[in-house]
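Data block below; observations after.
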Amino acid sequence: MEFKFKKGTQVQIKFTERFSAFFGGGGFGNASSAIGGVITDRRVHHDGKNQYKVAGFTGWWDEVTLQEV
């Protein structure tokens, strides 16, 4: 599977995608985000999902939770 983003790409975190799994359709599930950072690393998770490290944030972010700015 090809990566959607390259290292150095400026992205925004889509909290709608990230938190809808935790909070359902209301509350944070409908929140939008204007925060983000630059992609510093990328990998393919053992389940086959593309994941990225974003400067200023901890952990790995699934590709579906990010959008290019």
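Worth a mention:
- Radius 10 Å from Cβ of Phe5, net charge of other residues (Lys, Arg +1; Asp, Glu -1): +2
- Between the amide H of Arg42 and those of Lys53, distances stay under 5 Å, these residues lying 5 or more places away or on another chain, with hydrogens modeled in the peptide plane.
A short reminder: the numbers here are calculations on the coordinates, not readings from a lab. Just so you know, these numbers come straight off a predicted model, no measurement behind them. Glycine also receives a Cβ, built like all others from the backbone with ideal geometry; neighbour counts cover every protein chain displayed.
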